[in-house]
Amino acid sequence: MTAPQVVVFANPDLLAAATAARLITRLTDIQAERGSASLVLTGGRTGTAVLAHLLAAPAKDAVDWSRIDYYWGDERFLPAGHPDRNETQAREAFLDHVNADPARIHPMEPSDGRFGDDPDQAAAAYAELMPDDFDVFLLGVGEEGHTASIFPSSPAVFETSKAVVAVRDCPKPPPTRVSLTLPAIRTADEVWLLTTGDSKADAVASALGGATEVEIPAAGARGVSRTLWLLDRTAAAKLS
Ligand code: 6PG
């Protein structure tokens with residue numbers, strides 16, 4: 001596990017553009033080394049803005065998007081195609097517009113999928129299809145310090161054996177979700193936490209200031225080779 005490195009950008013747009021560029025560089029390097037790479041996508045405004053910048057980036061075609069495996073760190077447990085699903089948003093923002101291989105897009109089961117309205121089965125099925133590790137794991141951070149759908153002091157933050165869990169009674173709607181756990185996030189080579197806005201400043205300062213992962217789950221998101229916090233100036237405002 002690596003100590004967090006912090007990079008601060010002047011504004012959210014610059015953060016999204018620079019993160020898209022960083023992603024292109026990292027994925028290009030991995031593909032040059034061994035052909036394929038795995039990328040974990042995140043929902044939220046910042047994650048979606050990164051995808052929009054990725055699509056518009058002049059160097060986008062340096063990456064062979066058909067040789068990337070796409071996963072999600074969490075999902076809102078809603079019917080297929082629901083506009084609030086992270087999958088739907090990532091498809092619209094990016095995946096539908098590049099030559100991503102449909103067989104390498106790995107969404108979590110929807111609430112009207114193979115297991116019907118059973119998020120525990122959806123979680124177990126996702127744990128089965130996941131690789132042992134990921135190359136780049138993108139995450140957002142919530143105002144109270146959640147990351148993926150791991151909320152402060154919730155059962156998911158105490159999970160040590162399962163890689164994927166069903167999350168119920170979420171403080172943020174929708175109440176039912178499926179999420180990777182902190183141990184699963186920590187298998188990733190690089191973890192990049194992206195967050196912007198002054199509403200995140202307290203959570204960012206706590207996470208980087210020694211809060212426990214039970215208090216601020218984002219504090220427990222660490223990569224094997226790298227943990228990167230990509231912030232805009234307002235989200236970084238309370239860092240000492
Ligand atoms: C959700 C959101 C959430 C989000 C963070 C950061 O599932 O409710 O996706 O987890 O990633 O709250 O969101 P912003 O990037 O919009 O600040």
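Couple of notes before you dig in:
- For the condition within 16 Å of the ligand (Cβ to nearest atom) and hydrophobic (A, V, I, L, M, F, W, C), A103 does not qualify.
- Summed over the range 153-178, residues that are closer than 30 Å to T234 by Cβ, surrounded by 20 or more Cβ atoms within 10 Å (Cβ to Cβ) and either more than 10 Å from the ligand (Cβ to nearest atom) or not basic (K, R) (or both) total 4.
- From A211, A219, A166, A235, residue being within 16 Å of T42 (Cβ to Cβ), in contact (Cβ under 8 Å) with a residue 40 or more places away in the chain and not basic (K, R): A235
- Residue match in the range 59-78 (condition: open to solvent by 40 Å² or more (accessible area, probe 1.4 Å), away from the ligand (no atom under 11 Å from the Cβ) and either within 30 Å of P217 (Cβ to Cβ) or of a type in the set (V, I, T) (or both)): no
- Failed condition for G140, given (1) within 19 Å of the chain's Cα centre (by Cα); (2) away from the ligand (no atom under 16 Å from the Cβ); (3) surrounded by 14 or more Cβ atoms within 10 Å (Cβ to Cβ): (2)
- Residues being touching a helix residue (DSSP H, G or I) at 6+ places or on another chain (Cβ under 7 Å) and open to solvent by less than 50 Å² (accessible area, probe 1.4 Å) - total across the range 90-102: 5
- Counting the residues of the range 150-183 that are part of a loop (DSSP other than H, G, I, E, B) and among the aliphatic types (A, V, I, L, M) gives 1.
- Hey, P183 of a type outside the set (S, T, N, Q), within 17 Å of the chain's Cα centre (by Cα) and away from the ligand (no atom under 16 Å from the Cβ) or not: yes
- Qualifying position, being closer than 29 Å to A20 by Cβ and in contact with a strand residue (DSSP E or B) (Cβ under 7 Å, 6 or more places away or on another chain), among D96, D135, D101: D135
- Pick from the range 184-207, criterion assigned to a strand (DSSP E or B) and of a type in the set (A, V, I, L, M), ranking: farthest from G44 (Cα to Cα): V191
The values are calculated or read from the model by the stated rules, or taken from the named source; none is laboratory data. It should be emphasised that the depicted structure is a prediction, and the values quoted were computed from it without experimental measurement. Counting neighbours? That spans all protein chains shown, and the Cβs are built from the backbone with ideal geometry, glycine included. Ligands, DNA and RNA are excluded from the accessible area calculation, which covers all protein heavy atoms including side chains. Shrake-Rupley method; radii C 1.70, N 1.55, O 1.52, S 1.80 Å.
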